[in-house]
Amino acid sequence: MRAFLYLIYSFFLLIPMSHAALKVGSLHPLLSDMAHRVGGEQIEIADIFPRGSSLHSFDPSSTEMAKASGARLILAMGKQIENYLPKLRDSMPSDCQILELGRDVPDVMLPGSSQPDPHWWNTPQNMKRASRTLLAALIELNPAQRSAYETGQRQYARDMDALHNKSRIELSRIPQDQRVLVTGHAAMCHFCKSYNFISVPLFGIASEGEGDLASLAVLLQQLRRRELRCVFSEIRSQPKLLENIAAELNAACLPLSMDGLYSDGASYESSFDYNVSTIVKGLSNPPAAKQP
Ligand SMILES: [Zn+2]
């Protein structure tokens, strides 16, 4: 009888255990979106990144990290964009690992530099590559759900391929002499390499405040000769300086979503679609009328 009761007790104890979702903390909404798609209902995602924060200035507080309490995995962008990671790693419990999803994405350097552009997520092909890194980590932590994770990642990879192919066709409408992506901060080198654009960041990696004015003046002179139709700011920034530069170049200034999703709750696909249609709109239109 006692053995029978123990069996019943164990059974009820095991049911919630076998169905308990693996808890995963996410340091950016882009990564949460990917994890939802790959892990499905087999994982529980704790979003650590507060709404409206800036990727380049975010440094999670202990209260924010408490949301991921009990997580076995914390997802990070990597490529040194989160400079707080070493400190965070030191404070994590031993059964929780930080996974940098940009880890297996090949570097693309900033123009004329040996410094890599850390904004690897700005192509669907890189997102597909990163989803394989995520898949391997999820299987390692919860092998019982291997098949569900693999199904999720396969579908995600197909969706990223479709997005890439659709975008390539859309972007082919831009004439060759306009295939120059002038941005405020240096965030679109992966995109430019993938879609055959010349990347011209006017400032540094993190914000419009970086960069040196002498080389900016030379750059502007070169851009004036190209008669570019549009330059691009970051959707969440205050692009005053960039708007002034655009006015000087007699070009439009349109915002792109380079540091994350273009609005709270948007998917990666809709954000990438938004970027592609904005670039096509900016660079395909006839040149603006010259000012007297
Ligand atoms: Zn950025």
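The values are calculated or read from the model by the stated rules, or taken from the named source; none is laboratory data. What you are looking at is a predicted structure, and each value in this text was computed from that prediction instead of being measured. Cβ sites come from the backbone with ideal geometry, for glycine too, and all protein chains shown count toward neighbours.
Of the residues ASP264, ASP273, the single one that is modelled with pLDDT of 95 or more, of a type outside the set (A, V, I, L, M, F, W, C) and surrounded by fewer than 18 Cβ atoms within 10 Å (Cβ to Cβ) is ASP273.
The residues of segment 21-37 that are buried (at least 24 other Cβ atoms within 10 Å of the Cβ) and in a loop (DSSP other than H, G, I, E, B), listed by number, are LEU27, HIS28. Tell me, please, whether a residue that is buried (at least 20 other Cβ atoms within 10 Å of the Cβ) and outside the structural domain of GLY78 (by TED's automatic domain parsing) can be found in segment 213-229. Checked segment 213-229: at least one residue is buried (at least 20 other Cβ atoms within 10 Å of the Cβ) and outside the structural domain of GLY78 (by TED's automatic domain parsing).
So, ILE205, is that one at pLDDT below 85, surrounded by fewer than 22 Cβ atoms within 10 Å (Cβ to Cβ) and within 16 Å of the ligand (Cβ to nearest atom) or not? Taking the combined requirement at face value, the residue satisfies it.
In segment 158-201, which residue that is part of a loop (DSSP other than H, G, I, E, B) and within 16 Å of the ligand (Cβ to nearest atom) is farthest from the chain's Cα centre (by Cα)? Lay out the reasoning, then the answer.
First, pick out the residues of segment 158-201 that are part of a loop (DSSP other than H, G, I, E, B): 172-175, 179, 184-188, 196-197.
Imposing the further condition that a residue be within 16 Å of the ligand (Cβ to nearest atom) reduces the set to 184-188.
Values: GLY184: 17, HIS185: 15, ALA186: 14, ALA187: 10, MET188: 11 Å.
Restricting to residues being part of a loop (DSSP other than H, G, I, E, B) and within 16 Å of the ligand (Cβ to nearest atom), the top hit is GLY184.
For GLY40, the conditions (1) of a type in the set (Gly, Ala, Ser); (2) within 30 Å of LYS193 (Cβ to Cβ); (3) assigned to a helix (DSSP H, G or I) are fulfilled apart from (2).
Can you pull out every residue in segment 246-261 that is within 16 Å of the ligand (Cβ to nearest atom) and either part of a loop (DSSP other than H, G, I, E, B) or surrounded by fewer than 18 Cβ atoms within 10 Å (Cβ to Cβ) (or both)? I'd like the intermediate steps shown before the answer.
Here is the first cut: in segment 246-261, the ones within 16 Å of the ligand (Cβ to nearest atom) are 255-261.
Correct list: SER257, MET258, ASP259, GLY260, LEU261.
So, in segment 79-125, exactly how many residues are in contact with a Lys or Arg (Cβ under 9 Å, 6 or more places away or on another chain) and among the basic types (Lys, Arg)? Number satisfying all stated conditions: 2.
Of everything listed in (1) more than 16 Å from the ligand (Cβ to nearest atom); (2) at pLDDT below 95, the single unmet condition for SER53 is (1). Annotation: of all residues in segment 90-111 being out of contact with any helix residue (DSSP H, G or I) (no Cβ under 9 Å at 6 or more places or on another chain) and at pLDDT below 95, the one that is surrounded by the fewest Cβ atoms within 10 Å (Cβ to Cβ) is SER94.
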